[in-house]
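Note sheet for the following structure.
The values are calculated or read from the model by the stated rules, or taken from the named source; none is laboratory data. From a predicted model like this one, the values you see are computed outputs, not experimental measurements. So basically every Cβ, Gly included, is an ideal-geometry build from the backbone, and we count neighbours across all protein chains shown. Ligands, DNA and RNA are stripped out before the accessible areas are found, and what is left, the full protein with its side chains, is counted by its heavy atoms. Shrake-Rupley method; radii C 1.70, N 1.55, O 1.52, S 1.80 Å.
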Amino acid sequence: VSTIATSLAVSNTGDIGNNKFVVASGAQQFFVTGSGNVGVHTDQIDDGIEFKVEGDGLFTQGVGIGTTQPRCAVDLANVVDVRGTGRDRLAYILPPRVDTAQRNNLTNLAGVTTEAGAIIYNTSTNKHQGYNGTSWNDLY
């Protein structure tokens, strides 16, 4: 194991700026900035973003925000405990916002059907809706 004092570029012959670790180049690269921010399949990280992925992600276990031990597939229960100030004002989630026409074209990744239990916010009706496997229904 070696220590790299400045930076390391793999399959990238361009100027990597202040980045410390870069694999590939352009929009396909993986990199770590000098401040520890991570970019995957992108060539930039926007201000205020510490981890950016341009594309789909696959997690084989749970995903937790505000916890190191997720208790279910997506655990947001402790989101206000995330370090930083003012996080309590961010303690909500937003479902996908689509209009009725877009909703009627939703499918799963296989392009087959909409999954029972899907939830959206319908901008045509200004209602949260859920799919029961047969039809979309207003949730309130």
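Examine segment 66-87 for a residue that is β-branched (V, I, T) and closer than 25 Å to T125 by Cβ, and state whether such a residue exists.
no
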- Filter pass, A91 being in contact with a strand residue (DSSP E or B) (Cβ under 9 Å, 6 or more places away or on another chain) and not acidic (D, E): no
- Task: Quick one: D15 ticks every box in (1) assigned to a loop (DSSP other than H, G, I, E, B); (2) open to solvent by 60 Å² or more (accessible area, probe 1.4 Å); (3) modelled with pLDDT of 75 or more except a single one, so which number is it?
- Result: (3)
- If P70 passes every condition in (1) in contact (Cβ under 8 Å) with a residue 12 or more places away in the chain; (2) open to solvent by less than 60 Å² (accessible area, probe 1.4 Å) but one, which one does it miss? (1)
- Query: Looking only at strands (runs of 3 or more DSSP E) that fall completely inside segment 48-140, which ones have 1 or more residues that are of a type in the set (A, V, I, L, M, F, W, C) and under 30 Å from F31 (Cβ atoms)?
  - Reply: 51-53
- Task: Please verify whether segment 25-37 includes one or more residues that are under 26 Å from L8 (Cβ atoms) and of a type in the set (V, I, T).
- Result: yes
- Task: Determine, yes or no, whether Q29 is within 25 Å of T123 (Cα to Cα) and surrounded by 10 or more Cβ atoms within 10 Å (Cβ to Cβ).
- Result: no
- Note on the structure: Given the conditions (1) open to solvent by 70 Å² or more (accessible area, probe 1.4 Å); (2) under 27 Å from A110 (Cα atoms); (3) not aromatic (F, W, Y), every one holds for T42 apart from (1)
- Does segment 48-61 contain at least one residue that is polar (S, T, N, Q) and surrounded by 16 or more Cβ atoms within 10 Å (Cβ to Cβ)? no
- Message: Any residue in segment 105-122 that is at pLDDT 90 or above sitting within a Cβ distance under 9 Å of a residue that is loosely packed, with under 10 Cβ neighbours inside 10 Å? List the pairs, counting only those 6 or more apart or interchain.
- Response: A116/T134; Y121/L94
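Restricting segment 95-138 to residues that are of a type in the set (A, V, I, L, M, F, W, C) and surrounded by 15 or more Cβ atoms within 10 Å (Cβ to Cβ), which is farthest from D56 (Cα to Cα)?
The selected residue is W136.
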